[in-house]
1. Show me the ranking of peptides 182-190, 196-204, 21-29, 39-47 by mean Cβ neighbours inside 10 Å, starting with the highest.
2. Which value, in debye to the nearest 20, gives the size of the charge dipole of segment 27-165 about its Cα centre, when Lys and Arg are +1 and Asp and Glu are -1 at the Cβ?
3. How much of the DSSP beta bridge set in the chain is antiparallel, as a percent to the nearest 5?
4. Between GLY139, GLY184, MET251, whose Cα lies farthest towards the positive end of the dipole of the chain when Lys and Arg beta carbons carry +1 and Asp and Glu beta carbons carry -1, centred on the Cα centre?
5. Relative contact order of segment 5-263, please, whole-number percent, based on alpha carbon pairs below 8 angstrom and at least 6 residues apart.
6. Which of HIS76, ALA104, TYR49 sits closest to the plus end of the dipole of the chain, meaning its Cα is farthest towards the positive end, when Lys and Arg get +1 and Asp and Glu get -1 on the C-beta?
7. In segment 164-187, which residues have a backbone nitrogen under 15 Å from the label point lying 7 Å from GLN120's Cα in the Cα-to-Cβ direction?
8. How much length would be gained if the chain were fully extended between GLN95 and THR154, taking 0.36 nm per residue of separation minus their Cα-Cα distance, in nm to one decimal?
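Derivation of every value follows stated rules applied to the coordinates shown; laboratory data play no part. Not measured: the values here are computed from a predicted model. Please note: Cβ atoms are built from the backbone with ideal geometry, for glycine as well, and neighbour counts cover all protein chains shown.
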Amino acid sequence: MPRQVRLYAVGDVHGYCDGLIEALDQAGILDQQGNLLEEVRIVQVGDIYDRGPDCGRVVAYLDQQGDRVVRLLGNHELEYLHPRSCGLLSDEQFQRIIHSGHPAARYFAQFSDFSAARRQDLLERLATGKLLAAYASGGVLFIHAALLVRDLETLELEADASPEAMANCINRLARTAAIMARAGDFSGFEHPLFAEDGPFWRRPWNFQLPELIPGLRQIAGHTPPGRGERHIRVIKGPKGASLTIVDVGIMLGNREIQLVGEID
């Protein structure tokens, strides 16, 4: 009988590679060489860039794990691609803005790992399916922030669409936007899906619980714990809807990750 695979969700990393490895080690899912066990898969829910010292190491470490890791698009990655943010900037323009004293400088300075080369790498990964905007497994939808009822209309999906159908639709839009952007047209990222009030950006206090999609279990990151909090949080919505937030604040020293379940 084939061994079942254990699926874990990992929250925002923000450049803290040692913290990521410590979290995986404390969960008991690394071998003696520090790599993921063969029977383990992780979904990293986005935001591996900015704030921390080792973003390059995080990328290299996750790449080293091969198909045992699913990487998702976070709002920080999206900032590198969106035309209203860093999507159209050269390295020189970016540096000029953050050192300009302009009111926008503080906003752009939070994307400290931005470079045109990193933007191109993200576009290549997104266009080729190595970076996903959403993922579904075992009846669970993984996305960076939260998918709401209002998003289904934008995506032209029925209310009873499966998590797999939702993920496929979201990924199709993201992949198309990335392919267009590789050719110099970043307008695909102006789709409402990628807007600031969309599923890569919104916080739990930006929507009402009835807006969670009935019956849908979601796992997301994006919102770190408040002061004094250290743990994964679960928000309950209508008719079995739930949003599990796995951004425990690795950059703050917290190390909890979420066992989602076993898959074939």
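1. Details: 182-190: 14.0, 196-204: 19.0, 21-29: 16.3, 39-47: 23.6.
Going by the mean number of other Cβ atoms within 10 Å, highest first, we get 39-47, 196-204, 21-29, 182-190.
2. Values: 13 positive and 21 negative charges, 113 e Å.
The dipole of segment 27-165 has a size of about 540 debye.
3. Working: 14 of 30 bridges.
Of the beta bridges lying entirely in the chain, close to 45 percent run antiparallel.
4. About the Cα centre, the residue reaching furthest to the positive side is MET251.
5. On the way: 528 pairs, mean separation 64.3, N = 259.
Relative contact order, segment 5-263: 25 percent.
6. Checking the options against the dipole of the chain, the answer is ALA104.
7. Label zone hits: 181-185.
8. In short, 17.7 nm is gained.
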